[in-house]
Amino acid sequence: MSCSSLGVNAFRPSVQVATHHLSRLSRPVSTPIVFPVRFLSSTPPPCHSRQFQHRRRSGRNITSHTLLRKPLPWPTAAQRFGVRTVFGGRIVYKHYIELPPNYTDEDGLDFTSKDLRPEEVHAIFGADIDAYNANKLLKIIHGRRVAGTLEDPTVAGRSYGYTMEQRQKALAYLRDHYPVDEIANAGLRAEDELAALEALEEDATPETTEELDAKKVPRESTGKTNKLYKGAIQKNKSVYGDSVVEQLRIENEAKWAAEKKRLEEEEAKKAEEERNGVAGPLTPLTHPEKFGKLSPTVQKWITSATSDLKEPPKLSAWQRLWPSATFVLVLLGGLGVYVYIYKPAKRNERWFPEIPPAAATVGALILLNTLVHAAWKFPALWAPFNKYLLITPAVPKPFALLGAMFSHQAFGHLAVNMGFLWVVGTLLHDDIGRAKFLGLYLGSGLVAAMTSMTEFVLRQRWNISTLGASGAVYGAIGAYCWMHRLDGHRIFGFPPPPSEGLKGIVFLAFVVATNISFLFSKAARSRIDVTSHFAGLAAGVAAGEWILRRKEAEKKARMEPMAVRVSKV
């Protein structure tokens, strides 16, 4: 199975997953444009030791409240070469005097030795932000607390695409768990800016009237520090000198203003052409934001497929699981009865007598999965599909455990599952017959889906949704490899003779090792439902062992009358 997590709204997961894969029109397309900026108020003076000496010469008292630790006269190795230590951890800065020289407001500072996990992010912000962006926001806010720019409007006004509510939650969380003396840091930053202005005043030498007239410089443009500082601000220059990053920011803003003007002109021209009945050019698919508003019909379908719940229903784990568990047990019992009473039809009684039974059965399953994948493209079907073809632990639906087994939204997911189903399923079908194959395939998928949902409910992962035939396919793989664990197999003729090929147990071990490797990959864990893979594999192995023992018992039962007749003779 495949699972989607983090960024999927817990109570509207299926709509957002479906729109992510299938409809460019309903995806959020606005991406915040971030310009690299290094403001005066967020940049420490270049040399801490000079600041310290300047404060001593000026007679200021640096108390323990305002200066928590005497700065070193040279940057530390961690500040010069990065923020990671020898053992791979991170240096967490809390004091303004420790601020690294390469600090920028956009990158922020590490607030802990490692990033928060998706579960922790969900507890802080909810389901409207993923772990990567949440950790980045926390670093930005923590950096402002250390740099003393938390209340600076020129810095705090930059949102980088985050909402005010998200920034407030991030600040509240950091204040509760990672205390920083924000007042002291802001005071030290103000002292540094004042010291920089005083240094400019000391370096500014008064000029005579004759020198000013010779240079043709207006007399009012020179003077004390406040005029120099005002002039620097009016020219968009830093009192510390010209900055390449600042120039880049200005150039980017100019480019964005020109691009925005061009887009507005195109929209105005398009509106004029529509009013005059002139058709414009086709809109490129690379710019979905130009498609305009959704039609009322499509919007109605999306609304009907979206849950209006604000939070998960207040239910215990048992209340969430027992309807689905009962449904699975009833279906497993029905599959057992079907396997027991099934009688294979004669060749002339089959619908397609020319097609081998294995190809017909497996082909029908592949066709059904392909049709459901194509049906996901139509928004009109999202409402029923969200209920019955997608497993959502927040609002569980028992029938979804069966429907999700035939549901794929991504074509790559469908292709991989159906490819393995065709290769292994036809071989297993030839070994055990149609009834046992269908019972094993569907039973493994049900066990895998129920195990996966049980894990999500017990861990309270309400922002997860899962679907796909992986659990059932893994059941078929496990059964075939276990039943032929000592037989040799070749893949495209390899390994060549005289080798007997790889044993089935080797293939089974490779499948297990591959899924174990998924557990150590953060990206794989967020996209792949490894729990359903292991559960389906275990169910298939158990079913394969039962089939082998059943065959052995039937063989003994057939041999006993023959042995009696031989003894009588």
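The values are calculated or read from the model by the stated rules, or taken from the named source; none is laboratory data. Note that the structure is a prediction, hence the values are computed from the model and not measured. Don't worry about glycine lacking a Cβ; one is built from the backbone with ideal geometry, like all the others, and counts go over all protein chains shown. For accessibility, only protein heavy atoms count, side chains too; no ligands or nucleic acids. Shrake-Rupley method; radii C 1.70, N 1.55, O 1.52, S 1.80 Å.
Spin-label pair Ala509-Ala524: with each label point 7 Å from Cα along the Cα-Cβ axis, the two points sit 1.8 nm from one another.
Taking a ≥ b ≥ c as the square roots of the eigenvalues of the Cα gyration tensor, the range 86-177 is oblate, since a/c reaches 1.5 or more and a/b is not larger than b/c. Each residue of the range 105-112 was assigned a 3J(HN,Hα) from its phi angle through the Karplus curve 6.51 cos²θ - 1.76 cosθ + 1.60 (θ = phi - 60°); the sequence is 5, 5, 8, x, 9, 5, 9, 8 Hz, with glycine and proline shown as x.
For His489, the shell of other residues with beta-carbons less than 10 Å away shows a net charge of 0, using +1 for Lys and Arg and -1 for Asp and Glu. The amide H of Ile129, built 1.01 Å from its N in the peptide plane, has Gly7 as neighbours under 5 Å, considering only residues 5 or more places off or on other chains. For His489, the amide hydrogen comes within under 5 Å of the amide hydrogens of Leu502, Lys503, counting only partners 5 or more places away or on other chains and with H modelled in the peptide plane.
For the listed residue pairs Lys343/Lys551; Lys136/Lys522; Lys169/Lys387; Lys139/Lys522; Lys261/Lys377, the alpha carbons are over 24 angstrom apart in Lys169/Lys387; Lys261/Lys377.
Computed from phi, the 3J(HN,Hα) profile of the range 369-386 under the Karplus parametrisation 6.51, -1.76, 1.60 (θ = phi - 60°) reads 5, 5, 5, 5, 4, 5, 5, 5, 6, 9, x, 4, 9, 5, 4, x, 5, 4 Hz, with x in place of Gly and Pro.
At a 1.4 Å probe radius, carbon and sulfur cover how many percent of the accessible area of the range 455-561?
Accessible surface attributable to carbon and sulfur in the range 455-561 totals 66 percent.
Residues whose amide H lies under 5 Å from that of Arg90, counting only those 5 or more places away or on a different chain, are Thr85; hydrogens are built 1.01 Å from N in the peptide plane.
Ranked by the mean number of other Cβ atoms within 10 Å of their residues, highest first, the peptides 130-136, 528-534, 308-314 fall in the order 528-534, 130-136, 308-314.
Computed from point charges on the beta carbon alone (+1 for Lys and Arg, -1 for Asp and Glu), the dipole magnitude for the range 85-189 about its Cα centre is near 140 Debye. Applied to the range 505-510, the Karplus parametrisation 6.51 cos²θ - 1.76 cosθ + 1.60 on θ = phi - 60° returns per-residue 3J(HN,Hα) values of 5, 5, 4, 4, 5, 5 Hz, with x for Gly and Pro.
Taking the centroid of alpha carbons for each part, the range 481-546 and the range 320-369 are 24 Å apart.
Listed peptides 497-506, 346-355 appear in the order 497-506, 346-355 once ranked by packing, highest mean of other Cβ atoms within 10 Å at the front. Computed over protein heavy atoms with a 1.4 Å probe, the accessible surface of the range 85-189 works out to 45 Å² per residue. Modelled spin labels at Ala360 and Glu151, positioned 7 Å past Cα toward Cβ, are 8.1 nm from each other. Rounded, prolate or oblate: which fits the range 312-430 when a ≥ b ≥ c are the square roots of the eigenvalues of the alpha-carbon gyration tensor, with rounded for a/c under 1.5 and prolate only if a/b beats b/c? Since a/c reaches 1.5 but b/c is at least a/b, the shape of the range 312-430 is classed as oblate. Sort the range 461-569 into rounded, prolate or oblate with this rule: let a ≥ b ≥ c be the square roots of the eigenvalues of the Cα gyration tensor; rounded if a/c is under 1.5, and if a/c is not under 1.5, prolate when a/b is larger than b/c, oblate otherwise. Oblate, since a/c reaches 1.5 and b/c is not below a/b. Sorting 169-181, 381-393 by their mean Cβ neighbour count within 10 Å, with the most densely packed peptide first, gives 381-393, 169-181.
Calculate the dipole size of the range 315-560 relative to its Cα centre from +1 charges on Lys and Arg beta carbons and -1 charges on Asp and Glu beta carbons; express the result in debye to the nearest 20.
Value, rounded to 20: 320 debye.
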